1. Does residue 74 qualify as being assigned by TED's automatic domain parsing to the domain that holds residue 123, touching a residue at least 60 places away in the same chain (Cβ under 8 Å) and under 14 Å from the mean Cα position of the chain (by Cα)?
2. From the list 56, 81, 85, which residue is without any contact (Cβ under 8 Å) to a residue 24 or more places away in the chain and farther than 15 Å from residue 130 by Cα?
3. Filter segment 88-129 down to the residues that are free of Cβ contacts under 8 Å to residues at least 40 places away in the same chain and out of contact with any strand residue (DSSP E or B) (no Cβ under 8 Å at 6 or more places or on another chain), then identify the one that is surrounded by the fewest Cβ atoms within 10 Å (Cβ to Cβ).
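The values are calculated or read from the model by the stated rules, or taken from the named source; none is laboratory data. Predicted, not measured: the structure shown is a model, and the values here were computed from it. Virtual Cβ from ideal backbone geometry, glycine too; neighbours counted across all protein chains shown.
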């Protein structure tokens with residue numbers, strides 16, 4: 001009986017250690033090579049702004065609306081750049097206006113292929129100063 005109890009305690013200890021280690025390892029591998037940036041959208045600003053990333057980086061923006069419904073829209077072309085050529089931001093899924101419900105988060109992923117400044121804005125009317133809710137993504141060479 002004592003041997004069974006010792007074996008059970010050992011088995012439970014190994015299980016607990018495995019459960020504590022494995023999720024952490026999986027979380028790291030899923031974001032390996034990706035710059036994850038947490039962004040909040042609230043009346044009438046995005047934080048942080050500006051957002052700075054290096055050219056060639058895969059970027060994941062985790063955007064949370066804290067006070068109202070908001071939206072996120074960014075052009076794939078740098079400000080003042082040629083819009084007929086290849087885009088500077090290459091998105092993992094089609095982009096238009098990404099809607100963010102109050103208290104919820106959305107993820108926007110892209111590769112920052114060209115240096116430049118990319119303006120983004122709220123694309124869901126969120127109040128009187130909605131038009132001023134803007135931010136910048138700066139892709140540095």
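1. On the way: assigned by TED's automatic domain parsing to the domain that holds residue 123: yes; touching a residue at least 60 places away in the same chain (Cβ under 8 Å): yes; under 14 Å from the mean Cα position of the chain (by Cα): yes.
Yes; evaluated as a whole, the condition is true for this residue.
2. Working: 56 fails: without any contact (Cβ under 8 Å) to a residue 24 or more places away in the chain; 81 fails: without any contact (Cβ under 8 Å) to a residue 24 or more places away in the chain.
Result: 85 is the single residue among 56, 81, 85 that is without any contact (Cβ under 8 Å) to a residue 24 or more places away in the chain and farther than 15 Å from residue 130 by Cα.
3. 94
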